[in-house]
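Visitor: Dropping a structure here in structure tokens format, bear with me for questions.
The values are calculated or read from the model by the stated rules, or taken from the named source; none is laboratory data. Bear in mind that the values here come from a model prediction, so they are computed numbers and not experimental data. Note that each Cβ is placed from the backbone with ideal geometry, even for glycine, and that neighbours are counted across all protein chains shown. What goes into the accessible areas is simple: the full protein's heavy atoms, side chains included, and nothing from ligands, DNA or RNA. Shrake-Rupley method; radii C 1.70, N 1.55, O 1.52, S 1.80 Å.
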Amino acid sequence: EAKRRGKGTSVSFSDEMGARTAADAEITRDLATAVDAGEFTLVYQPIVSLDDLRMTGVEALIRWNHPTRGLVSPAEFIPLAERSGHIVAIGAWALREACRQVARWRADFPGAYDLTVGVNVAGRQLRSPGFVDEVAAVLRDTGLPPNQLSIEVTETAVLDDEESSAALLGLRALGLRLALDDFGTAASSLGLLLTVPVTTLKLDRSFVESITTVGRQAAVANAVSQMATALDFSSVAEGIETEEQRELIRSLGYEYGQGYLFGRPLPPSQVVARLEALDGVVV
Ligand code: C2E
Ligand code: MG
Ligand code: MG
Ligand code: MG
């Protein structure tokens, strides 16, 4: 129905909670009950060391199994969850579930002893009151060591305001890692590096996609890697799909890689197979 009328018409749907079309309004309504209905799951995508291809971490990525629409992509519902504010509850669920899962793997598999988990946090969630306390409580309840949790925020999520700054400093004070996600796609990247206490840069997939030795993407990827080294941040390149991309990205000095070449986002049962194959850390 929303499609037929078009997005740009003057027909006003429920503007309530920021939805712009009827379909968006429905999805927004359904988001309100989806956590309690158990409709979300997490999949985990491997992050590997580019030196030896060892899986050193995973990124938790949310999936919504909607009762009538089937799988709804996060690209579709996360923006609606942000606009409506449901992201606070959804993100809290994802954070707790990811930490619970990785703490469990850590206990069950020697190779997962130092496995890190990246959890995406939206700007609105970051700025919501009590967020840092919630993270602290999750770490306490699950027993996951703080340095094994990496909070991923995008440049656009990190506003130059007191709430954001206080939250980011609070997170770092807990001892966890802080990654700037999709790095290079937003406008204000460089100034942020001076003010935000990040530990990790995640180069956006768009720079990796069409990378060649002579291309502009390689020049940018190289500059980001140099900057990361100079500032003592770790560097991760997202969206590595081919051997050529892997080789080039590695030659530019990236420490870690993530992408279909190393593994798709996997359900927990399939992560277990990868964890069983990992050598344990001797402690
Ligand atoms: P992101 O955090 O940048 O996550 C990486 C996205 O790139 C994932 O899409 C992943 O499946 C995809 N990807 C990974 N490797 C490749 C590759 O080699 N090629 C291609 N073409 N794609 C690759 P996904 O799972 O659809 O998630 C999309 C975005 O939704 C995420 O981007 C993140 O911004 C957001 N998101 C996912 N889960 C959560 C969550 O729990 N909370 C919040 N706030 N946002 C989330
Ligand atoms: Mg991410
Ligand atoms: Mg990313
Ligand atoms: Mg991305």
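Visitor: Which one, 137, 179, 122, has the greatest fluctuation when you compute a Gaussian network model over the chain with C-alpha springs under 10 angstrom?
Guide: 137
Visitor: By how many degrees, between 0 and 90 and to the nearest 10, does the Cα long axis of helix 22-34 differ from the longest principal axis of the chain?
Guide: It is inclined by approximately 70 degrees.
Visitor: So what are the ³J(HN,Hα) numbers for the stretch 258-271, from phi and the Karplus equation (6.51, -1.76, 1.60; θ = phi - 60°), rounded to whole Hz, Gly and Pro as x?
Guide: 9, x, 4, 4, 9, x, 6, x, 10, x, x, 4, 7, 5
Visitor: Whose amide H sits under 5 Å from the amide H of residue 156, counting only residues 5 or more places off or on another chain, with H placed in the peptide plane?
Guide: none
Visitor: Roughly how many Å² is the accessible area per residue of the stretch 102-201, as a whole number, for a 1.4 Å probe? It would help to have the intermediate numbers written out before the result.
Guide: Numbers: 4230 Å² over 100 residues.
For the stretch 102-201, the solvent-accessible area averages 42 Å² per residue.
Visitor: With only Lys, Arg, Asp and Glu charged, each at its Cβ (+1 for the first two, -1 for the last two), find how big the charge dipole of the chain is about the Cα centre; round to the nearest 20 debye. Present the calculation step by step, with values, prior to reporting the outcome.
Guide: Numbers: 26 positive and 38 negative charges, 88 e Å.
Value, rounded to 20: 420 debye.
Visitor: Separate question: Cα atoms only, the chain: Rg and Dmax in Å?
Guide: Final numbers for Rg and Dmax: 19.3, 65 Å.
Visitor: How do 102-113, 211-222 rank on mean C-beta neighbours within 10 Å, highest first? Intermediate values should be presented prior to the final figure.
Guide: Values: 102-113: 18.0, 211-222: 15.4.
So the order, starting with the most tightly packed, is 102-113, 211-222.
Visitor: Once each part is reduced to its C-alpha centroid, what is the distance from the stretch 240-274 to the stretch 91-134 in angstrom?
Guide: 21 Å
Visitor: With unit charges on the beta carbon (Lys/Arg positive, Asp/Glu negative), name the residue among 90, 119, 68 whose Cα is farthest towards the positive pole of the charge dipole of the stretch 40-192.
Guide: The Cα lying farthest towards the positive end belongs to 68.
Visitor: Same structure, new question: By how many degrees, between 0 and 90 and to the nearest 10, does the Cα long axis of helix 216-231 differ from the longest principal axis of the chain?
Guide: With both axes taken from Cα atoms, the answer is about 70 degrees.
Visitor: While we're looking at this one, here's another question. Percent of Cα-Cα pairs per 10 Å bin, from 0 to the last occupied bin, for the stretch 92-213, please list those.
Guide: 13, 43, 30, 13, 1
Visitor: Let me ask something else about it. Mind checking the per residue accessible area of the stretch 236-283 for me, 1.4 Å probe, whole number of Å²?
Guide: Numbers: 2600 Å² over 48 residues.
Here the residues of the stretch 236-283 average 54 Å² of exposed surface.
Visitor: Report P(r) for the stretch 157-283: all Cα-Cα distances, bin width 5 Å, range 0 to the bin holding the largest distance, values in whole percent.
Guide: 2, 10, 18, 18, 17, 15, 12, 7, 2
Visitor: Quick check: at a probe of 1.4 Å, how many percent of the accessible area of the stretch 112-168 sits on carbon and sulfur atoms?
Guide: Details: 1130 of 2320 Å².
The C+S portion of the solvent-accessible surface of the stretch 112-168 is 49 percent.
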